[in-house]
Amino acid sequence: MLNLKYRATATFTSADIKDLAENEPIFYEVWANRPDGWTAKCKAFFESNGDDTELGLDVVGLSLVSVAQDGEKWPCVGRDGAQALRESIEAQNPGYGDYFIRNLTVAIFDQQISREDSRLGNSSEPLTPSVNGSKKKKSRSVATKA
């Protein structure tokens, strides 16, 4: 029997996504891998210039597993979970729920992409052209512990 350690979710906080609301941080638990349909929904959301709250609810619904704050944790799965999150924010901040969901959609996308970039070791610098026109990756030294 294999004894692999794998956690199917990842977490980030409202502070990680630069949400400066003056309250206890919100902890978001998301799927570690992109669920089916996630990429297409994100593409459609960004093609709408980030203005389509309905698509935002779809992305958030596909991404979130739970939200937590002040020691309490609530499941937040699917479109219904995303809508419940929007309504919770809207109840305390009338007119802000849609904006919150759209910003959270961008934050979830950014978190997913930045985690992939950091784990894959993608360079933020452009590749240097080779003599024959193909791109060559700059060599990077790997730091080791002493």
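Rule-based calculations on the coordinates, nothing more; no lab input. Note that the structure is predicted; figures quoted are calculated from it, not measured. As a convention, Cβ positions derive from the backbone with ideal geometry for all residues, glycine included, and neighbour counts pool all protein chains shown.
Identify all residues within segment 1-41 that are hydrophobic (A, V, I, L, M, F, W, C) and in a loop (DSSP other than H, G, I, E, B); write none if there are none. Spell out how you get there, then give the answer.
Here is the first cut: in segment 1-41, the residues hydrophobic (A, V, I, L, M, F, W, C) are 1-2, 4, 8, 10, 12, 15, 17, 20-21, 26-27, 30-32, 38, 40.
MET1, LEU2, LEU4, ALA8, ALA15, ILE17, LEU20, ALA21, ILE26, ALA32, listed by residue number.
Quick check on segment 72-90. Is at least one of its residues over 18 Å from ASP19 (Cβ atoms) and of a type in the set (S, T, N, Q)?
yes
For segment 25-50: of the residues being surrounded by fewer than 19 Cβ atoms within 10 Å (Cβ to Cβ) and hydroxyl-bearing (Ser, Thr, Tyr), which is nearest to ALA15 (Cα to Cα)?
THR39
State whether the residues of segment 45-64 include one that is farther than 17 Å from LEU104 by Cβ and not small (Gly, Ala, Ser).
Within segment 45-64, the subset farther than 17 Å from LEU104 by Cβ is 47.
When the remaining residues are screened for being not small (Gly, Ala, Ser), the result is 47.
Yes, because at least one residue in segment 45-64 is farther than 17 Å from LEU104 by Cβ and not small (Gly, Ala, Ser).
Name the residues in segment 59-82 that are over 13 Å from the mean Cα position of the chain (by Cα) and in a helix (DSSP H, G or I), would you?
GLY78, ARG79, ASP80, GLY81, ALA82
Of a type in the set (Phe, Trp, Tyr) and farther than 19 Å from ARG79 by Cα: is that true of PHE12 in this structure?
Numbers: of a type in the set (Phe, Trp, Tyr): yes; farther than 19 Å from ARG79 by Cα: yes.
Judged against the criteria, PHE12 is a match.
What are the pairs, 6+ residues apart or on separate chains, where a residue within segment 5-23 that is in contact (Cβ under 8 Å) with a residue 12 or more places away in the chain has its Cβ under 8 Å from a residue that is in a loop (DSSP other than H, G, I, E, B) and aliphatic (A, V, I, L, M)?
Partner pairs satisfying both residue conditions: ARG7/ALA32; ALA8/ALA32; THR9/ALA32; ALA10/ALA32; THR13/ILE26; SER14/ALA21; SER14/ILE26; ASP19/ILE26.
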